[in-house]
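Worksheet: the structure to be examined is printed underneath.
Any read-out appearing in this document is the output of simple, stated calculations on the displayed coordinates, not a laboratory observation. None of these values were measured; they are calculated from a predicted model. Methodologically, a virtual Cβ is constructed for each residue, glycine included, from the backbone with ideal geometry; neighbour enumeration extends over all protein chains shown.
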Amino acid sequence: MTSSAALPLRERKKAETWTALHEAAASLALQHGVDQTTVEAIASSAGVSPRTFFNYFPAKEDAIVGLREPVLDEEQLSRISTSADDLVGQISRLLVTVAWTAIGGTDRTRRRQLIARYPHLGRRHMDYMVKAESLVCQGISGVLARDPAWAGGAEGFRLEEAARMLVMIAGVPIRFDLTSPDFDPGQGISTETLGPSLALLHHLLRKIS
């Protein structure tokens with residue numbers, strides 16, 4: 001994730017305001033509860049107006065959890081190779097990277113605490129993960145469309161359907177790690193930790209094919 005200190009002044013100030021609003025929202029929710037945490041209180045605590053709040057977050061729940069619209073970097077997408085042996089692994093890592101753009105930079109322990117206490121925040125969190133997955137689906141559709149071997153789809157299914165299936169398969173190692181007894185929520189999922197689960201997926205696909 002880009003350090004705010006490396007950003008141009010205007011972008012740095014926007015990043016600082018986003019962080020101030022998120023920190024205020026999360027702290028107020030822990031102290032007083034989500035229902036008692038208002039946009040007005042969040043904005044006042046962060047030193048901005050309620051109108052400014054809505055330039056950064058569509059709802060107080062997003063500010064409390066620290067959610068933002070996921071972003072798919074075109075440079076990362078351009079590195080996806082349909083001819084490589086590990087296409088699914090590439091997509092898995094891209095999924096993780098895009099997901100972190102929606103939730104990266106926030107206190108993981110505090111986020112887990114808030115979601116455990118207020119389950120509806122977890123549903124809001126999942127909404128953003130679905131957005132990230134949809135964004136990757138669109139991107140992979142574009143990548144496949146540029147490859148003659150994939151452009152026609154697969155076995156009677158449209159290209160977009162093939163892309164969606166690939167992304168869903170690529171999500172399996174991530175879900176496998178998240179539900180593992182050894183999963184450390186403090187560490188979370190990263191592109192570096194997916195290797196063993198991806199190896200197991202490839203082994204099983206070869207075994208059943």
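Things to note:
- Simple point charges give the picture: +1 on the Cβ of Lys and Arg, -1 on the Cβ of Asp and Glu, and for region 95-209 a dipole about the Cα centre of about 380 debye.
- Packing rank of 180-187, 58-65, 158-165, 9-16, where each peptide gets the mean count of other beta carbons within 10 Å, highest leading: 58-65, 158-165, 9-16, 180-187
- Working from the Cα coordinates of the chain, the gyration tensor eigenvalues give, after taking √(5λ), semi-axes of 36, 20, 15 Å in decreasing order.
- By the count of neighbouring beta-carbon atoms within 10 Å, fewest first, Ser49, Ser83 end up ordered Ser83, Ser49.
- Rounded to the nearest 20, the Cβ-based charge dipole of region 4-65 about its Cα centre (Lys and Arg +1, Asp and Glu -1) stands at 320 debye.
- Lysines with Cα under 26 Å of Lys60, excluding same-chain neighbours fewer than 8 positions away: Lys13, Lys14, Lys131
- Around Met165: net Lys/Arg minus Asp/Glu count, Cβ-Cβ under 13 Å: -2
- Local net charge near Leu94, Cβ-Cβ under 15 Å (Lys/Arg +1, Asp/Glu -1): -2
- Top positive-direction residue, dipole computed over the chain with Cβ charges, set Thr97, Val167, Leu30: Leu30
- The chain: calculated mean residue ellipticity at 222 nm from DSSP helix runs of at least 4, using -39500 (n - 2.57): -21500 deg cm²/dmol
- Ordering of 118-127, 21-30 by packing is 21-30, 118-127, highest average first (other Cβ atoms within 10 Å, averaged per residue).
- Radius 13 Å from Cβ of Ala199, net charge of other residues (Lys, Arg +1; Asp, Glu -1): -1
- Extension gain for the segment His32 to Val130, taken as residue separation times 0.36 nm less the Cα-Cα distance, is 32.4 nm to one decimal.
- Charge dipole (Cα centre; +1 on Lys/Arg Cβ, -1 on Asp/Glu Cβ; no other charges) of the chain amounts to roughly 360 debye.
- Highest to lowest packing among 167-174, 73-80, scored as the average C-beta count within 10 Å: 167-174, 73-80
- Its residue count N fixes a reference of 2.2 N^0.38 Å for region 84-180, and the Cα radius of gyration divided by that reference is 1.25.
- Considering every alpha-carbon pair of region 114-167, the percent of pairs per 5 Å bin, from zero through the bin containing the longest distance, is 4, 21, 20, 14, 10, 9, 8, 6, 5, 1.
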